[in-house]
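Only one structure is covered here, and it is reproduced in the block below.
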Amino acid sequence: GLAYDISDDQQDITRGKGMVDSLFQAPMNDGTHYAVMSSYEYLSQGLRTYDLDNNMDGFYIAPAFMDKLVVHITKNFMTLPNIKVPLILGVWGGKGQGKSFQCELVFAKMGINPIMMSAGELESGNAGEPAKLIRQRYREAADIIKKGKMCCLFINDLDAGAGRMGGTTQYTVNNQMVNATLMNIADNPTNVQLPGMYNKEENPRVPIIVTGNDFSTLYAPLIRDGRMEKFYWAPTREDRIGVCTGIFRTDNVPVDDLVKLVDTFPGQSIDFFGALRARVYDDEVRKWIGEVGVNS
């Protein structure tokens, strides 16, 4: 099933086919869904080597995840002659798999302080406000880069704020404009203007990282390969063990026990293990309440 698929191909985006309106999912063989793969993605999992220090303050960063983010961010800061680099990296996958946290660990490792946005900011009572906010945040990140520091724009759960979720949700002008603004920025990353600013002054290029659970709900032209590079994230067994080592790092749990724990619950998401650890303390809290009493 999809939860166990660790293939790093962009064809996974087609699996949401038929789930959403055809306007938001280009017809088959229409160009949007052709997978554009780099040479590294043709290698089998066993032959890929990642020569990166993937530990951040005791937390494990999945090597494949780190490789994708580091390469994307670096590529956007380099001047590559006659090469069109996608501005947006879309990290998508199952719920609770640690996409956002892994991103934050990579940013910390690279010394990047990202400008953060969440899906909740992509809607407003005022028409056009979210689109303006995206441009504002993008320009703030560009100003930081202008001063010589690395920065990027990080949008959490883009599909929840700008995606078409079926008949139960209302698709508003703001949703439409968020999609259109991101498309426009991806096409002209060095010329992002705010209302009332029309000088032809170029701003630095800012890589955009977005996370989500299902990008097939987004407007199809936004997720085409020239604008957005997609990365489907499904942690391997080694990744899950590594992340659990970080979760239980203060509890002195032996590695063998962590391996057994991960193997006992192979179908669970990463956040299950965090929730499991939190539940372990319930008895201690109950005991403390028993000693102190309910009346404060």
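The values are calculated or read from the model by the stated rules, or taken from the named source; none is laboratory data. Just so you know, these numbers come straight off a predicted model, no measurement behind them. Note that we place each Cβ from the backbone using ideal geometry, even for glycine, and neighbour counts take in every protein chain shown.
Can you tell me which residue within the stretch 133-187, out of those that are of a type in the set (F, W, Y) and under 23 Å from M110 (Cβ atoms), is surrounded by the most Cβ atoms within 10 Å (Cβ to Cβ)? First the steps, then the outcome.
So the first thing to find is which residues in the stretch 133-187 are of a type in the set (F, W, Y), and the list is 138, 154, 171.
Retained after the next criterion (residues that are under 23 Å from M110 (Cβ atoms)): 138, 154.
Details: Y138: 24, F154: 22.
Ranking the qualifying residues of the stretch 133-187, first place goes to Y138.
Can you tell me which residue in the stretch 251-277 is farthest from A234 (Cα to Cα), limited to those that are surrounded by 10 or more Cβ atoms within 10 Å (Cβ to Cβ) and of a type in the set (G, A, S)?
A275
So W92 fits all but one of (1) surrounded by fewer than 22 Cβ atoms within 10 Å (Cβ to Cβ); (2) in contact with a Gly (Cβ under 6 Å, 6 or more places away or on another chain); what number is the exception?
(1)
I'd like the full set of residues that are in contact with a Lys or Arg (Cβ under 9 Å, 6 or more places away or on another chain) and in a loop (DSSP other than H, G, I, E, B), limited to the stretch 199-213.
Across the stretch 199-213, the qualifying residues are N203, P204, V206, P207, N213.
Hey, any hits in the stretch 191-202 for a residue that's in contact with a helix residue (DSSP H, G or I) (Cβ under 6 Å, 6 or more places away or on another chain) and in the same structural domain as I83 (by TED's automatic domain parsing)? If you could, list the steps in order and put the result at the bottom.
Residues of the stretch 191-202 in contact with a helix residue (DSSP H, G or I) (Cβ under 6 Å, 6 or more places away or on another chain): 192, 194.
Checking which are in the same structural domain as I83 (by TED's automatic domain parsing) leaves us with 192, 194.
Looking through the stretch 191-202, at least one residue is in contact with a helix residue (DSSP H, G or I) (Cβ under 6 Å, 6 or more places away or on another chain) and in the same structural domain as I83 (by TED's automatic domain parsing).
May I ask you to list pairs of residues, at least six apart or on different chains, whose Cβ atoms are under 9 Å apart, with the first in the stretch 271-287 being farther than 11 Å from G96 by Cα and the second being surrounded by fewer than 15 Cβ atoms within 10 Å (Cβ to Cβ)?
L276/F265; R277/D251; V280/D251
Within the bounds of the stretch 236-254, is there any residue that is outside any loop (DSSP other than H, G, I, E, B), in contact (Cβ under 8 Å) with a residue 40 or more places away in the chain and within 16 Å of the chain's Cα centre (by Cα)? Give the steps one after another, and end with the answer.
Quick first cut of the stretch 236-254, residues outside any loop (DSSP other than H, G, I, E, B) only: 237-247.
With the extra rule that they be in contact (Cβ under 8 Å) with a residue 40 or more places away in the chain, the set shrinks to 239, 242-243, 245-246.
When the remaining residues are screened for being within 16 Å of the chain's Cα centre (by Cα), the result is none.
No, the conditions are met nowhere in the stretch 236-254.
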